[in-house]
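Below: the structure, in structure tokens.
The values are calculated or read from the model by the stated rules, or taken from the named source; none is laboratory data. All figures in this text were calculated on a predicted structure; none of them were measured in a lab. As a convention, Cβ positions derive from the backbone with ideal geometry for all residues, glycine included, and neighbour counts pool all protein chains shown. In case anyone asks, the SASA skips ligands and DNA or RNA and just uses the protein heavy atoms, side chains included. Shrake-Rupley method; radii C 1.70, N 1.55, O 1.52, S 1.80 Å.
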Number of protein chains: 4
Amino acid sequence: HAASLSRNSAPSVAMEAVLKPSCDLPKDMPKIRGYDFNQGVDLHAVLKSYLTTGFQASSLALAIQEINTMIEKRLEPVEEGEGNESETPKSGCTIFLGYTSNLISSGVRESIRYLAQHKMVDVIVTTAGGVEEDLIKCLAHTYLGDFSLPGKELRLRGINRIGNLVVPNDNYCKFEDWLMPILDQMLLEQNTEGTRWTPSKMIHRLGKEINNTDSVYYWAYKNNIPVFSPALTDGSLGDMIYFHSYKNPGLILDIVEDIRRLNSQAVFAKRTGMIILGGGLVKHHIANANLMRNGADYVVYVNTGQEFDGSDSGARPDEAVSWGKIRTDAKPVKVYADASLVFPLIVAETFAQHVDKLAAGKKTD
Amino acid sequence: HAASLSRNSAPSVAMEAVLKPSCDLPKDMPKIRGYDFNQGVDLHAVLKSYLTTGFQASSLALAIQEINTMIEKRLEPVEEGEGNESETPKSGCTIFLGYTSNLISSGVRESIRYLAQHKMVDVIVTTAGGVEEDLIKCLAHTYLGDFSLPGKELRLRGINRIGNLVVPNDNYCKFEDWLMPILDQMLLEQNTEGTRWTPSKMIHRLGKEINNTDSVYYWAYKNNIPVFSPALTDGSLGDMIYFHSYKNPGLILDIVEDIRRLNSQAVFAKRTGMIILGGGLVKHHIANANLMRNGADYVVYVNTGQEFDGSDSGARPDEAVSWGKIRTDAKPVKVYADASLVFPLIVAETFAQHVDKLAAGKKTD
Amino acid sequence: HAASLSRNSAPSVAMEAVLKPSCDLPKDMPKIRGYDFNQGVDLHAVLKSYLTTGFQASSLALAIQEINTMIEKRLEPVEEGEGNESETPKSGCTIFLGYTSNLISSGVRESIRYLAQHKMVDVIVTTAGGVEEDLIKCLAHTYLGDFSLPGKELRLRGINRIGNLVVPNDNYCKFEDWLMPILDQMLLEQNTEGTRWTPSKMIHRLGKEINNTDSVYYWAYKNNIPVFSPALTDGSLGDMIYFHSYKNPGLILDIVEDIRRLNSQAVFAKRTGMIILGGGLVKHHIANANLMRNGADYVVYVNTGQEFDGSDSGARPDEAVSWGKIRTDAKPVKVYADASLVFPLIVAETFAQHVDKLAAGKKTD
Amino acid sequence: HAASLSRNSAPSVAMEAVLKPSCDLPKDMPKIRGYDFNQGVDLHAVLKSYLTTGFQASSLALAIQEINTMIEKRLEPVEEGEGNESETPKSGCTIFLGYTSNLISSGVRESIRYLAQHKMVDVIVTTAGGVEEDLIKCLAHTYLGDFSLPGKELRLRGINRIGNLVVPNDNYCKFEDWLMPILDQMLLEQNTEGTRWTPSKMIHRLGKEINNTDSVYYWAYKNNIPVFSPALTDGSLGDMIYFHSYKNPGLILDIVEDIRRLNSQAVFAKRTGMIILGGGLVKHHIANANLMRNGADYVVYVNTGQEFDGSDSGARPDEAVSWGKIRTDAKPVKVYADASLVFPLIVAETFAQHVDKLAAGKKTD
């Protein structure tokens, strides 16, 4: 190192480092430019401008593009003979949707319910809470509270907190009243008809029983969308199954049949897309199933996890590429955000556009 | 503890804990309910529904409400005699806007420029990069890249990375060409006219010189919005000032006059609102000025920082309440999100609505 | 507001706000004071000083205290007649340990193995990966890589990445060779002896079969520590079970029996402590079991999750208090950190001290 | 894609994807292996084992290595004629230390003070709070509180919260009493002796005036370690300077001279190391100075920031490589952790070892 110096000029090492000339960039790199509100308030145009806004705005725009590609590919006709006879893929792209329990507690549930209602996704993976909270919401309400409500006071009053939401504990009592006879019936069918219950079969039955158009799982039942939740006992459903095991013992929930059923959804698909909101089991379970086909083709993660602690929840999509869970030529997108902020916007710019177009098409027929 | 047991019933301690009855909730608690896309795709309605969606969706909705309150209070007429003669508050609510450098590099700059252009905010605080990147964008473009572009290769090609943005180093060379004569002129005025330069005066001058309607600081200059940036030497401006100190030494930038000027904006305001995007200096500097008036009345933070490391950046608004930087009766809102995702949406639902209404009013006159 | 002004004094509102006098603090508040290295390098003393260092250093010190209380309470003799005959609590405090898969992939595994080996914990909850990665490590190594190794290249070479670790895919092939005959045998026992397999029974068997003192689950088997993992099919074990379902179909893994077994560990305990490293299923499953006893008495969480997205993973302990999963009079501790950084230090200052003391006691006998 | 199927075997695509063979790894990749507490509790050995523990444990071990390299290089004799006469580098490696205000409020201050006392670092950059909190601690104590203490109650009692610390507001009143005469004196010297005050000169003076061996800045003064803080008015010092501007106006604090002084520390160094705790100004300011020499040679970041929002605070070191702020051949280390957890451990394993060795050497002389 030699910092040359003359009386009147800054050290040359500094000037050269600061004023280093640059090579040309590729011609097709988008210029950064945000929305100009002088054009008027047009939220659709604002979201379009996110592609050239940078940071997570760009990630959101790319996620919207990726999901629109999933939808487009899904419409492609499946040629005859693809897949095994009994396992013919139903569409050009099988879409796996995963989400954590809290999103069902939140108003994101209505977006998810809309997707199930209009059969916009093919496979769902969620946690126990992601199932039961949807059913419970058909029985009683969840409310907006605050992140800082003190736990002790809440417990004394029988109010449960989920982030800034609150759920009266009575809701779970109502759930018990509703569920217990169904568990009795399930056990009866197991004992008399030889039904081998799995979490996915149980969720299908619960969707049928709830018989409520507000419910995600009602529509999953109606539209034959399989819902996987291998740890279905980890929540209020588990509490009730635990109580039931004293009152009327013997129910078996098998997770082996479900892993084969889930993997088959990936293996026999023409292409697959993964939309995963949050981390933990739902993220790993969908990605692992897609390893069975040497990787998903299209991928959107929405979560707040970070990679530095080596968690699967926080891992970037590129980690899943190394495992063969995402194709090596895929262009997966991760949006670093609370899904409540972005998922309704994503649905607005993707699936809902598509449903509206279909409806408009039908009207003009 | 006594886990009573009979053959056919679950332990009573478990049943009592799980089925604890709840007290009534306050009548006015909002029920959680997300947007129903069966109503059609209406993004404005989607954002309205965020209030009852929970988690950060609710925080975003509350932030929009808080800023709309700032705008409304700002319109309130100021009674005669309020404040000192020469320091009469200009409006019913003085709005402080702070943001970090990266947001000017991103397309959020266009939202900020819109606010300066329409004089929607009264005081701006930013970092050195938050000033220079706006000016440099008037000379050359910033591009969308990727978070994973390798640093070594980029440096060899003279390309600088900011998250998923890239800036050719030539842009900084152009900035040097543009800035050096201005520094000469500033030094001349200091020596001949006795100008005591401060960061805010320098930014005012740079806004005048850039003379470009794309620039935030052009509009801040035009609309007399003071811009504070006490560490103005911490960036490319500092690099150029450093080079200039060899070529043409003697320039002085004083930060004492600016702290008095900034504090006066808070002290003599009728009410104040703080909108702070990101952390670090901009967050602390605005809040500290508002301590001078025993706290801001209305507050919105948008950032991704967390409180667990005791940083000011990640501190919840309630920490600032303890310091007297936010009023004890304020209802401050923090949105945990990358500002690029939410700030354009916030502007769309607040300031831009207001500007459009004003414009519509003028047309009908 | 009235900002009184005279020529020579700052606005009174500012002076009063800034110089507001303070009330006395409680006498027993610890003074902040870090370690003085002039005392020499004594790491034990450094960690002692963390209590008065603030931020997460203080949290770590409190976590160490909380776990030492668990250990002390665990030693308390259990009076006769407590609990049901067959379910007599074995100690004064039943310690539940939960951890995510990545920690077994990391060197934290050796700390966990040490706890199992010395029977320092009573119940373990982990994910599928948390089981299989321990067994696979008995067959082949995991290596230190880097967070930025590119996924595509890794996949082409058959190398899997977990954060900054890498695992050759051959390790999973070796695991298949090892596991398949065990699955055959398990199916045989199911069909001939009527064994009703559950995840916990399967893990017990795998721990016996691996027969390797490096293994967590070998020691869990030896020391009869039940290990729960309701979604045991979500990982390489699931892949193998899936393959096995073609080769030799019929195995059933029931999760109902396990939820009763897990809940019983909580219900019939005298007191309970929860040590939970990471989020997702392991965090919720342990806490939910402790709801069955109206809350755990002692609690340490170590994770990097945040509450703002309403996730259970990021929820503060106080959220679990509202649900009755933690006692209202408990003093739960959350350490915001990657467990790899802090858990070995925690073990060093708690369990390992205790084991060493016991060993020293035996020697002097 | 063709999922071949026979009655008895799993789909071949699945088996091939799962059982893909792996290429050999480089021979020198470290095997993951954590500390074995059966070897006894040896905290130094535990920290040694962190290198092969993975995740942030490995990052911490690498940070310790990187800083030990800085110390070693610093000892290398500087050849004659290197640098300009008046600017001869004083050592083989100039170490820049940066930290945010909160760390001075915490017990990390004692580690930093130790480094200044033993002249282990060459340049310090911090924020206003990073200066004043050290001085104030010489006047009165800071206490351990809790993150959830309510802001309104605290304000009413005149208690300020910093994360889980609390500072009585009286401390700031004492600071005013101490500081005002010094400001008077500084102004006098400016007016009578022509002193051109800069933040670094003011900090030097304050260090002299505080005359307390507990103070970081006392030792920085004694050992002639320059301390830079361009936004020195952004905090309690600014409040006092603001009040002083009414009582006794005219003080000027120039930031131009300081940027040249800071940059010179980097330009005329033989090699440089950066140790940066936290984000915001301190991180950018040190890195920007190191651009002046085309990059630092050795780098350790400790912070909790993330890159996804494009902030400089959260940027990985590789972003700084693209800017020329870190050498392209450097091996920079980022530890994702609250500095209170890891910095005392880092000092224990680096600087303090070195000081102890020096002291031992002197004794044996």
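Taking the Cβ of C:GLY235 as the centre, find all other residues whose Cβ is under 9 Å away and add up their charges (Lys, Arg: +1; Asp, Glu: -1).
Working: positive: none; negative: C:GLU132, C:GLU133, C:ASP234, C:ASP239.
Residues near C:GLY235 contribute -4 overall.
Annotation: amide H of C:ILE95 within the under-5 Å range of C:ASP122, C:VAL123, C:GLY273, sequence separation 5 or more or interchain, hydrogens built in the peptide plane. Take every Cα pair under 8 Å whose residues are at least 6 apart in sequence, average their separation, divide by the length of region B:127-191, and the relative contact order is 30 percent.
In nanometers and ordered shortest first, the copy-to-copy spacing of the D:ASN8 label point, defined 7 Å from Cα toward Cβ, is 5.0, 9.3, 10.5.
With the highest mean first, a sort of the peptides D:341-350, A:122-131, C:174-183 on other beta-carbon atoms found within 10 angstrom per residue produces A:122-131, D:341-350, C:174-183.
Taking each residue of A:289-295 in turn, how many C-beta atoms of other protein chains fall within 10 Å of its C-beta, and what is the average? Before the final figure, lay out each step's value.
Working: counts 5, 1, 6, 12, 6, 8, 2.
Average per residue, whole number: 6.
Here region C:256-311 and region D:293-356 have alpha carbon centers that stand 36 Å from each other. In this simple spin-label approximation, B:ASP28 and B:ALA359 carry label points 7 Å from Cα along the Cα→Cβ vector, and these lie 3.6 nm apart. Among chain C residues, the beta-carbon with the smallest distance to the axis carrying C onto A is reported, with distance in whole Å, as C:GLY280, 2. Taking Cα atoms only, the orientation of helix A:55-75 departs from the longest principal axis of chain A by about 50 degrees. For the chain pair C and D, buried accessible area totals roughly 8200 Å², probe 1.4 Å, rounded to the nearest 100.
Per DSSP H run of at least 4 residues, take -39500 (n - 2.57); add these up for the protein assembly as shown, divide by its residues and hand me the 222 nm value, nearest 500 deg cm²/dmol.
-14500 deg cm²/dmol
Ranking B:THR192, B:VAL166, B:PRO181 by Cα position along the charge dipole of region B:151-204, where only Lys, Arg, Asp and Glu carry charges on their C-beta atoms, puts B:VAL166 farthest toward the positive end. Put simply, the amide H of B:ILE326, placed in the peptide plane, has neighbours under 5 Å in B:ALA296, B:VAL321, leaving out anything fewer than 5 places away on its chain.
Using every Cα-Cα pair within the protein assembly as shown, state what percent have a distance larger than 42 Å. Pairs farther apart than 42 Å: 48 percent. The relative contact order of region C:27-159, computed from alpha carbon pairs under 8 Å that lie at least 6 residues apart in sequence, is 15 percent. Placing unit charges on each Cβ (+1 for Lys and Arg, -1 for Asp and Glu) gives region C:202-301 a dipole about its Cα centre, and among C:GLN265, C:GLY250, C:GLY207 the Cα reaching farthest toward its positive end belongs to C:GLN265.
Report the per residue volume, in Å³, of the convex hull enclosing the C-alpha atoms of region B:154-210. Could the numbers behind the result be given before it?
Working: hull volume 6.1 nm³, N = 57.
So the per-residue hull volume is 106 Å³.
On the beta carbon distance between C:GLU79 and D:LEU156, with R0 = 56 Å, the FRET formula returns roughly 0.70. Calculate, in whole percent, how much of the Cα-Cα pair population of region D:139-252 lies beyond 21 Å. Value for region D:139-252: 47 percent of Cα pairs lie more than 21 Å apart.
A cut-off of 5 Å between modelled amide H atoms, ignoring neighbours fewer than 5 places along the same chain, links A:VAL335 with A:TYR301, A:VAL302, A:ASN303.
Give, rounded to the nearest 20 debye, the magnitude of the charge dipole that the protein assembly as shown has about its Cα centre when Lys and Arg contribute +1 at Cβ and Asp and Glu contribute -1 at Cβ.
On the way: 152 positive and 176 negative charges, 0 e Å.
The dipole of the protein assembly as shown has a size of about 0 debye.
Distances from D:LYS48 to itself in the other copies, using label points 7 Å out along the Cα-Cβ axis, amount to 2.4, 6.4, 6.8 nm in increasing order. With contacts taken as Cα pairs under 8 Å at a separation of at least 6 residues, chain B carries a relative contact order of 20 percent. Bridging of A:LYS90 to aspartates and glutamates at a Cα separation below 19 Å is possible for A:GLU72, A:GLU76, A:GLU79, A:GLU80, A:GLU82, A:ASP122, A:ASP297, once same-chain residues fewer than 8 apart are set aside. 3J(HN,Hα) couplings calculated from phi for region D:259-266 with the Karplus curve 6.51 cos²θ - 1.76 cosθ + 1.60 (θ = phi - 60°) are, in sequence order, 5, 5, 5, 5, 4, 4, 4, 7 Hz; Gly and Pro show x. What is the calculated FRET efficiency for B:ASP42 to B:LEU139, with r their C-beta to C-beta distance and R₀ = 60 Å, to the nearest 0.05? For R0 = 60 Å, the calculated efficiency reads 0.90.
Of the cross-linked pairs B:LYS73/B:LYS119; A:LYS27/B:LYS152; A:LYS174/B:LYS20; B:LYS325/C:LYS331; C:LYS20/D:LYS174; B:LYS174/B:LYS201, which ones have a Cα-Cα span greater than 19 Å in the structure shown? A:LYS27/B:LYS152; B:LYS325/C:LYS331; B:LYS174/B:LYS201, as the Cα separations exceed 19 Å there. Rounded to the nearest 5, the antiparallel percentage of DSSP beta bridges internal to chain D is 25%.
Here the scattering of chain B is modelled by Debye summation over its C-alpha atoms, one equal scatterer each and no solvent; at q = 0.06, 0.08, 0.11, 0.15 Å⁻¹ the log10 of I(q)/I(0) is -0.29, -0.49, -0.84, -1.40. With both residues required to sit in the protein assembly as shown, DSSP beta bridges show an antiparallel share near 30%.
Coupling constants for region D:308-318 follow from the phi torsions by the Karplus curve (6.51 cos²θ - 1.76 cosθ + 1.60, θ = phi - 60°), and in residue order they are 4, 9, x, 6, 5, 4, x, 4, 5, x, 4 Hz; glycine and proline get x.
Name the residue from D:GLY238, D:ILE276, D:ALA337 whose Cα lies farthest towards the positive end of the charge dipole of region D:234-365, charges +1 on Cβ of Lys and Arg and -1 on Cβ of Asp and Glu. Sorting the options by dipole projection puts first D:ILE276.
Coupling constants for region C:203-215 follow from the phi torsions by the Karplus curve (6.51 cos²θ - 1.76 cosθ + 1.60, θ = phi - 60°), and in residue order they are 5, 4, 5, 5, x, 5, 5, 5, 6, 9, 6, 7, 8 Hz; glycine and proline get x.
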